[in-house]
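In what follows, a single structure is set out as structure tokens and then discussed.
The values are calculated or read from the model by the stated rules, or taken from the named source; none is laboratory data. Note that the coordinates shown come from a computational prediction; the quantities given were computed from them, not determined experimentally. Cβ placement follows ideal geometry from the backbone for every residue including glycine, while neighbour counts extend to all protein chains displayed. Quick note on the areas: whole protein, heavy atoms, side chains included, nothing else; ligands and nucleic acids left out. Shrake-Rupley method; radii C 1.70, N 1.55, O 1.52, S 1.80 Å.
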Amino acid sequence: QVQLVESGGGLVQAGGSLRLSCAASGRTFSSYAMGWFRQAPGKERDFVARINRSGGSTYYADSVKGRFTISRDNAKNTVYLQMNSLKPEDTALYYCAATTRTAWATRSYEYPYWGQGTQVTVSS
């Protein structure tokens, strides 16, 4: 199994930027595709972004495309989410997740490993 710990969340004004990090334990990080999800109060947990095992392929939800960038550094066992041009509707608890699925997975149930989440709050 892999343990995931998110960091980098905080309070930011609309139009600002944040960089989230997800640190993974173990030495098999490169065997997992990684995803970012977010959940606002009273809402479903929604897909944000995904990156494949090597980092050569990414996929984004339409709501964040062009503003967010997912990346990974397998040597550091870390995945990142760079968030630019933040909007109040981006406010949510952001989760890092890992999966062994090779197809582009966008559903929470496809990710068996999860971090504890980091809060992102965007003020208007």
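Quick notes on this one:
- Filtered residues of the stretch 14-26 (kept if open to solvent by less than 20 Å² (accessible area, probe 1.4 Å) and aliphatic (A, V, I, L, M)): 20, 24
- Subset of the stretch 1-10 (residues that are under 17 Å from the mean Cα position of the chain (by Cα) and open to solvent by 30 Å² or more (accessible area, probe 1.4 Å)): 3, 5, 7, 8, 9
- Set 106, 69, 28: member being modelled with pLDDT under 95 and touching a Phe, Trp or Tyr at 6+ places or on another chain (Cβ under 9 Å): 106
- Strands (runs of 3 or more DSSP E) fully within the stretch 27-124 counting 3 or more residues that are exposed (fewer than 14 other Cβ atoms within 10 Å of the Cβ) and within 13 Å of the chain's Cα centre (by Cα): none
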